[in-house]
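Throughout, read-outs are computed from the coordinates displayed, never taken from laboratory work. Worth saying up front: this structure is predicted, and the values here are computed from it rather than measured. Cβ coordinates were reconstructed from backbone atoms using ideal geometry, including for glycine residues, and neighbour counts include every protein chain displayed.
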Amino acid sequence: MTQSLRVVFAGTPEFAAAALAAIHAAGFSVPLVLTQPDRPAGRGMKLTASPVKRYALENGLKIAQPTSLRRNGKYPEEASAAIDLLRTTPHDVMVVAAYGLILPQEVLDVAPHGSINIHASLLPRWRGAAPIHRAIEAGDVETGITLMQMDAGLDTGAMIREARIPILPADTTATLHDRLAQLGADLIVQALRDLERDGKLPSTPQPENGTTYAEKIAKHEAALDWRRPADVLARQIRAFDPFPGAFGTLDGVAVKIWAAEVITGDVPTKEPGTLVDVSMDGVVVSCGEGALRLTQLQKPGGKRLSVREFLAGAQFAKGQRFALA
């Protein structure tokens, strides 16, 4: 079914590509797609198109890849050209999902119906860059998608609608990301259909209470501090899968830890980081409170392996100790 609403789309990673694909498949005209410039990726560090760009190319959608959209920034000519292109591209609304560039008010105001952001949290909790990671890390029991009318602040705009899902005990950022991407895609299509039918989307200002910020994930955070409680470390491991990957350092070697279980019941009390048991069922490590059973590991340059496969090629022994972060 063809829709009359024209949607400019701005986004970059897989999360955004899911929304673009849903909008396009629903029959909305997408006269322009904005995505970040190609970046070096992989072992060969070849310039690689974003998932959004790949979808746009496969479906014949017009693409622009400005480095900036701020006229007063480092690339004023590039920004001005992109804004001029936006102004001369007839459209009704802009949808933004994990674009990664700052959008000044001038850009947000171009579309007659403004700019709608698909944000992967229940605002005002987890404004900012890494809401999925931080929700798992903090032990939140639910999260969701908020559609927001964008303003110049950091995820401060009025909320149009939300959808909630539970965070499952085994969820990693990877698994939760995929469910949220689909949820966001479904929610934005519903909202665009309502906008086309009604000519507006009611919104509600965000509450003042409950605001938290999801700071961008830094690589140094991936080092596990074994002095922390086992359940906290287990959440950190799940939150940092697939990036940056939590790790512990044993005998000078950084070992990535992709899966771990909190051991309940009596656990031998040892110095944090000590290997208290090594078996094909898992490597048990003493923590500040309780212990973790590590069940999926990776050596530098190797692959993710089950503990059984990992121990076939690694010398782990009871009594060894991970370095304290």
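General remarks:
- Percentage of interatomic Cα-Cα distances in the stretch 166-287 larger than 17 Å: 69 percent
- Dipole of the stretch 7-214, positive end: most advanced residue of Q149, A81, H24 [Cβ charges, Cα centre]: A81
- Positive-end extreme of charge dipole, the stretch 97-167 - chosen from A163, P124, A98 (charges on Cβ): A163
- Reciprocal of mean inverse Cα separation for the chain (Kirkwood radius, Å): 21.6 Å
- Packing-based exposure ordering (other Cβ within 10 Å, fewest first) of R197, R6: R197, R6
- For the set K53/K216; K216/K270; K62/K219; K74/K200; K46/K74, the pairs lying more than 32 angstrom apart at their alpha carbons are K216/K270; K62/K219; K74/K200.
- Helix 76-88 and the longest principal axis of the Cα set of the chain meet at an angle near 60°.
- Computed over the stretch 219-311, Cα set: Rg, Dmax in Å: 12.0, 36
- Sorted by Cβ neighbour density within 10 Å, fewest at the top, the residues I132, I217: I217, I132
- Loop-located trypsin sites (Lys or Arg not before Pro) in the stretch 253-316 (DSSP state not H, G, I, E or B) with no more than 10 neighbouring Cβ atoms inside 10 Å: K303.
- For the stretch 204-249, the fraction of C-alpha pairs farther apart than 11 angstrom is 72 percent.
- Semi-axis lengths (Å, descending) of the ellipsoid that matches the C-alpha gyration tensor of the stretch 80-205: 27, 16, 12
- Volume in Å³ per residue [convex hull over Cα atoms, computed for the stretch 37-125]: 148 Å³
- With Cα atoms, 0 to 90° folded angle of helix 230-239 axis to the chain main axis: 40 degrees
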